Structures are given as structure tokens and as C-alpha cells.
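First up is the structure itself, then whatever we jot down about it.
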Amino acid sequence: MRILVLGGTAFVGRAIVEDALARGAEVTLFGRGRTGTDLFPQAARRIGDRDTGDYTALRDGEWDAVVDVSGYVPRHVGQAMAVLGDRVGRYLFVSSHAVYVQSGVGPGSDEDTPRRAPVRDTEVLDNDTYGPCKVACEDDVLARYGDRATIVRPGKVAGPHDVQETFTYWSRRAARGGRVALPGRPEQPIQVVDSRDLARLVNRLLIDNRPGAFHAVGPAEPTTLGDLIHTCARAAGTEVEIVPISPDAVPGPFPLVTPEPQWPARQRSATRARAAGLPTTPLSITAADVLAWDRSRGEPPLPQGLTPTQEAHLLNGP
């Protein structure tokens, strides 16, 4: 299978490319050529820039499928489709759970849950526009490719090379053991999908030439944030005591902590995706692999969470 990946060297895209190559696919990467230049020497590369609209490198060639992991605003998707046209068989767009309405949704919601109104008049992405821009992207892909369109909506993704590093925070913190400050409640439901499971789903959908929308969520069994922290501790060989503190005591957002009104959004159904081939790596394996990766890169500072000094101050006082 010939696969064109728009992106493909950072986290989710990287996992998708690794899995595709392992399956024997012929992969072409399209990107700016600024990151991951040492990755995937066996893959062809086309250099361009979605932000500036430079798709010149894609004016020739044919592919069985395109995987769009770097389309965030309608212009990105529209320009890619305009240059590719019918030279691709299937267009798989990696979307987000941010497309869904944010109220009135109960646990177990599926892919037919109402989405937010699309937004096309901005390319400034924040909590108010990210999801609606993704809705517009989905709509455009479906309008152009119909039954040749596939939408994958990941929840929170975890795994090695995570550029957001929210799961990484808890992996690293649990590895230190002891009393752990949690600015939230341990019983909060949580869904994280291993990046490699997401990649396997994407490539399975391409192989099966399957249309439709699919939730990529995990793990296999319902999990709470407290369970996740303890699982990370067991993977590290440590023991932890979770100490809930007020969310007001820390600057937000805090890694993986969700306000209670949003808890149902962390309990979405994976039934359709699992029937289509989504595997379920045990959370303990994800935790161990993230910890090993984080240590191998020297545990650099993280963008969110508490430093050990800040946490000690909250737990013990000045």
C-alpha cells in the first residue's frame, strides 16, 4: 500500500509511520523538513509548508491513501485536497474529541454524538476554536471524498515521544514515590489511548478501506485518574499516597485533571473502533514505556505540573 502522510515525524504521526512501515507499506512524508530528519530513511520525503500553502511537491504522484495528521484549520485541508484530487484513494483525517458539544452528553457517548458548529473564519486556535475548526475540516473531507473519507477522533494519547507530556508528568511523578499532590479527585474517569494502538487502528482502517468515524480511546477497562497514578507507580516499582488538594492551589490546566462537569467526555465508547481493529495495550505497558523513554532523554523540564519544590510546599507548607 502506498501511503502519503501529511506530517509524520512527531508523536502520533511518528507512530502511524512506524506501524505502516512495519506492515510493508510504501510511505511518503510531506512536511517542512525541519524536525525528525533522521527518522525513517526508507520513506520518501516531499518538502512543503501547510502554513504558507506550499504544496508544490505534491503536484505529482499517486497514493492509495493519505493520512492527515497535521490539518488543524479548513485551509490546510482544502488546499491539500485541491492539489491531491483523485490521485489518492482514501483520505483519513485525524480529528479530535474536541469536535463534540460540551454539555448534555452522558457516559458511553458514541461517534454520532452532536458536534459543535463549524468555524471557518479564524486560524487562531484556542479552547473555543480548536474543536469547531476540526469540525469544519471533517465536513470538508466528507464533502470531497464521501465514502472514501475516514475520520479518526483520538482522546488523550499517551506514549513515547509525547509532545504534550501530560501523561509523562504522572509517569515521572509516580516514579519518585511518596505523597503525591493531586489538584482534583482520584475518582475522576480518564481515557488514554496508547499512540501505538492509535497507529494500528489507522493502518487497519486503511487496509480494510473502511469509511466512517471512529473513537480512538483506551484503555480496555474503565480507569480513574487515581488508578492511572498507581499504575504508573507500579510500573516504576514505587508506592504512592495520593493527596487531593484544591485545584485553586495550582495554575491550570493541570495534566489530565478535568472539572467534574466534563467527566462524561472521558467516558466515550470505543465499541466501533475496537470492532474495526483498535487494540488495547495495557496501561501498565504504556506507563513503563513512557517512563523508559523519559529517562532515556534525560527527563527535561515539563511544560505543565508541579516541580518537586512546588509540590513539597503545597503538601508541607513553607
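Grab the Cα-Cα distance for R272 and D110, subtract it from 0.36 nm times how many residues apart they are, and report the gain in nm with one decimal.
Stretched fully, the R272-D110 segment lengthens by 57.5 nm.
Want the number for E62 to D128: 0.36 nm per residue separation, take away the alpha-carbon distance, what's left?
Result: 20.1 nm gained on full extension.
Taking the Cα centre of the chain as the origin and placing charges on Cβ (Lys, Arg +1; Asp, Glu -1), which of G159, G177, A15 is farthest toward the positive end of the dipole?
So the residue furthest toward the plus end is A15.
Which is farthest toward the positive dipole end of the chain among G61, V217, V99, measuring Cα position about the Cα centre, with Cβ charges +1 (Lys, Arg) and -1 (Asp, Glu)?
The listed residue farthest towards the positive side: G61.
Restricting things to Cα coordinates, could you compute the convex hull volume per residue of the chain in Å³?
134
Between beta-carbons, use under 13 Å as the cut-off and find the net charge around D49, counting Lys and Arg +1, Asp and Glu -1.
Charge balance near D49 sits at +3.
Please build a GNM for the chain, connecting alpha carbons under 10 Å apart, and tell me which residue among G131, G177, G13 fluctuates the most.
Largest GNM mean-square fluctuation: G177.
Put +1 on the Cβ of every Lys and Arg and -1 on every Asp and Glu Cβ in the chain; which of G24, P114, P261 then has its Cα farthest towards the positive end of the dipole?
G24
If you average the alpha carbon positions of the stretch 128-207 and of the stretch 77-112, how far apart do those two centres end up, in angstrom?
So the two Cα centres are separated by 14 Å.
Taking 0.36 nm per residue of separation and subtracting the Cα-Cα distance, what length does fully extending V243 through E299 add?
17.8 nm
Report the FRET efficiency, 1/(1 + (r/R0)^6), for D208 and R34, where r is their Cβ-Cβ distance and R0 is 25 Å, rounded to 0.05.
0.15
If you count only protein heavy atoms with a 1.4 Å probe, what accessible area per residue comes out for the stretch 19-125, rounded to a whole Å²?
49
Charges only on Cβ, +1 for Lys and Arg, -1 for Asp and Glu: so what's the dipole of the stretch 1-146 about the Cα centre, in debye to the nearest 20?
300
I want the local charge near C137. Using Cβ-Cβ distances under 13 Å, sum +1 for each Lys or Arg and -1 for each Asp or Glu among the other residues.
Local charge sum for C137: +3.
Which is the longest run of the chain containing none of the trypsin sites (Lys or Arg not before Pro) found in DSSP loop states (not H, G, I, E, B) with at most 11 other C-beta atoms within 10 Å?
The segment 60-296 is the longest one with no such site.
Given R₀ = 35 Å, FRET efficiency for R23-Q310 by Cβ-Cβ distance, to 0.05?
Calculated transfer efficiency: 0.20.
Which of A149, A236, A44 moves the most in a Gaussian network model of the chain with Cα springs under 10 Å?
Answer for the Gaussian network model of the chain: A44.
In debye to the nearest 20, how big a dipole does the chain give about its Cα centre with +1 on each Lys and Arg Cβ and -1 on each Asp and Glu Cβ?
Result for the chain is approximately 400 debye, rounded to the nearest 20.
Let me spell out the model: positive unit charges on the Cβ of Lys and Arg, negative unit charges on the Cβ of Asp and Glu, origin at the Cα centre of the stretch 191-291. What dipole size does that give, in debye rounded to 20?
Dipole magnitude for the stretch 191-291 comes out near 600 debye.
Among residues other than I207 whose Cβ falls under 14 Å from its Cβ, what is the net charge (Lys/Arg +1, Asp/Glu -1)?
So the surrounding residues net to +2.
Which residue fluctuates the most in the chain, going by a Gaussian network model with Cα springs under 10 Å, if the choices are F11, F93, F214?
F11
The values are calculated or read from the model by the stated rules, or taken from the named source; none is laboratory data. Computed from a predicted model, the values in this text were never measured in an experiment. Heads up, the Cβs are rebuilt from the backbone with ideal geometry, glycines too, and the neighbour counts pull from every protein chain shown. SASA here: full protein model, heavy atoms, side chains in, ligands and nucleic acids out. Shrake-Rupley method; radii C 1.70, N 1.55, O 1.52, S 1.80 Å.
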